[in-house]
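Working notes, beginning with the structure itself.
The values are calculated or read from the model by the stated rules, or taken from the named source; none is laboratory data. Since the structure is predicted, the reported quantities are computational estimates derived from the model, not experimental observations. Here the Cβ positions follow ideal geometry from the backbone for every residue, glycine too, while neighbour counts run over all protein chains shown. Ligands, DNA and RNA are excluded from the accessible area calculation, which covers all protein heavy atoms including side chains. Shrake-Rupley method; radii C 1.70, N 1.55, O 1.52, S 1.80 Å.
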Number of protein chains: 2
Amino acid sequence: MAALKRRRTPPFPGRGHDHARCVDVALGEATRLCARDGQRLTPLRRRVLELVWGSHQPVGAYAILDRLKQDGRAAAPPTVYRALDFLLARGLIHRIASLNAFVGCARPDGSHPAQFLICRRCGTAAEIDDPRLAAAIGRSATESGFAVDAPIVELRGLCAGCRRPAAG
Amino acid sequence: MAALKRRRTPPFPGRGHDHARCVDVALGEATRLCARDGQRLTPLRRRVLELVWGSHQPVGAYAILDRLKQDGRAAAPPTVYRALDFLLARGLIHRIASLNAFVGCARPDGSHPAQFLICRRCGTAAEIDDPRLAAAIGRSATESGFAVDAPIVELRGLCAGCRRPAAG
DNA sequence: CGTCGGGTGTTATACTATAACATATTCTGT
DNA sequence: ACAGAATATGTTATAGTATAACACCCGACG
Ligand SMILES: [Zn+2]
Ligand SMILES: [Zn+2]
Ligand SMILES: [Zn+2]
Ligand SMILES: [Zn+2]
């Protein structure tokens, strides 16, 4: 019975949380990781990462493209897809297959499997990296003789905030 | 360990299995379920279901469209998407979000959450309906105050057959 | 008959993603 | 600083996935 109550960052950011800080932290981490690995976080890539982190709702490639154009920058689909590919390869963002959209990675410690809770009302995609869930997945697959190398887990539903009927 | 070895239909069909039988069973079940629920499994819908069941590899909407045209039938994207929507709503097929493709449901007992093992080599998508995995998912989500209503679980990797290097 | 609703046909278009090639920028060694 | 290589971005075109909007058909029911 929940014998172990580990301290974990709650997956869903509060409504009034300081999102500018989310962005700062993410960009800082990205800068650090790229420097460490000898990868180039160019202005374009950095800007795309910033746009992906615009909120906790996954954002489509063409929405990013529009924002880049607003910046006055020359941009076409490959511009943004290449930046996204770089960020995906570095584990700085995730792709949400069921939404054809992208979201910043909450724990960009190298590439890692991620599980998402996606609220159908507010659109927030919260990353949970639950080792027990990962283990359960591994067990299920192994029983079928299957070797998983890229688990996709996207759970649609209603987040705690959106389950409460708007206010008290 | 593995104290309980339940009898289950193996998720991955054998290489030489009688696939015509898979199709027969699926079409029979579909006919039965639609009759039971007062739904109309029209010739078009039945044919699309048959094409989705063409193999155990998920098939794209436009591939189905091509086949319909080969049948000599007038067909355009809405033709196939409408049929697919019907089959999805009846729980007779599943959509694989990560592939933008569709696959027949192995257990069309009403709409249900499904988990898939998708082999990156042979392309087979095997449906596993593992209650323990579903429970683990539910637990994880609940801890975050999240109410899941549509879990998407698509595990990419290598199936047992494809892990063996081609032959003995 | 008449009309009503579901299913399908038809046309057009939106949205997502990549191929192929040109140009620019950065890095490396001299 | 320079040449040459490698990486990154710009540019144009096109492939692939999905839906909107409206027209037509056809069987059910009065
Ligand atoms: Zn935030
Ligand atoms: Zn929400
Ligand atoms: Zn089969
Ligand atoms: Zn396989």
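Pairs meeting the criteria (first residue in segment A:46-75 and free of Cβ contacts under 8 Å to residues at least 60 places away in the same chain, second residue part of a loop (DSSP other than H, G, I, E, B) and loosely packed, with under 14 Cβ neighbours inside 10 Å, beta carbons under 9 Å, at least 6 apart or on different chains) are A:ARG47/A:ASP71; A:ARG47/A:ARG73; A:GLY60/A:ASN100; A:ALA61/A:ASN100; A:LEU65/A:ALA76; A:LEU68/A:ALA74. Exactly one residue out of B:ASP149, B:ASP71, B:ASP109, B:ASP129 is of a type outside the set (S, T, N, Q), within 16 Å of DNA strand C (Cβ to nearest atom) and open to solvent by 30 Å² or more (accessible area, probe 1.4 Å): that is B:ASP71. For A:ALA83, are the conditions met, namely being within 16 Å of DNA strand C (Cβ to nearest atom), over 16 Å from B:GLU154 (Cβ atoms) and open to solvent by less than 60 Å² (accessible area, probe 1.4 Å)? Judged against the criteria, A:ALA83 is a match. All conditions but one from (1) in contact with a His (Cβ under 7 Å, 6 or more places away or on another chain); (2) free of Cβ contacts under 8 Å to residues at least 40 places away in the same chain apply to B:PRO151; the one that does not is (1). The residues of segment B:29-60 that are over 24 Å from B:PRO11 (Cα atoms) and open to solvent by less than 70 Å² (accessible area, probe 1.4 Å), listed by number, are B:CYS34, B:GLY38, B:GLN39, B:LEU41, B:THR42, B:LEU44, B:ARG45, B:ARG47.
For segment B:11-28, the set of residues classified as at pLDDT 95 or above and surrounded by fewer than 16 Cβ atoms within 10 Å (Cβ to Cβ) consists of B:ASP18, B:HIS19, B:ALA20, B:ARG21, B:ASP24, B:VAL25, B:GLY28, listed by residue number. Just to be sure, is B:VAL103 more than 16 Å from ligand 4 (Cβ to nearest atom) and either on the phi < 0 side of the Ramachandran plot or exposed (fewer than 15 other Cβ atoms within 10 Å of the Cβ) (or both)? Against the criterion (more than 16 Å from ligand 4 (Cβ to nearest atom) and either on the phi < 0 side of the Ramachandran plot or exposed (fewer than 15 other Cβ atoms within 10 Å of the Cβ) (or both)), B:VAL103 does not qualify. Each residue in segment A:23-81 was checked for being within 27 Å of A:LEU117 (Cβ to Cβ) and small (Gly, Ala, Ser), and 8 of them qualify.
Of all the numbered requirements in (1) more than 13 Å from ligand 1 (Cβ to nearest atom); (2) within 14 Å of chain B (Cβ to nearest Cβ), A:THR31 misses one, and that requirement is (2). Against the conditions (1) out of contact with any Cys (no Cβ under 8 Å at 6 or more places or on another chain); (2) small (Gly, Ala, Ser); (3) modelled with pLDDT of 95 or more, A:ALA126 satisfies every one except (1). If the condition is being within 10 Å of the chain's Cα centre (by Cα), basic (Lys, Arg) and more than 16 Å from ligand 3 (Cβ to nearest atom), then segment B:87-126 contributes only B:ARG95. Just to be sure before I move on: is B:ARG36 farther than 25 Å from B:ARG120 by Cβ and assigned to a loop (DSSP other than H, G, I, E, B) in the structure I sent? For B:ARG36, the condition - farther than 25 Å from B:ARG120 by Cβ and assigned to a loop (DSSP other than H, G, I, E, B) - is not met.
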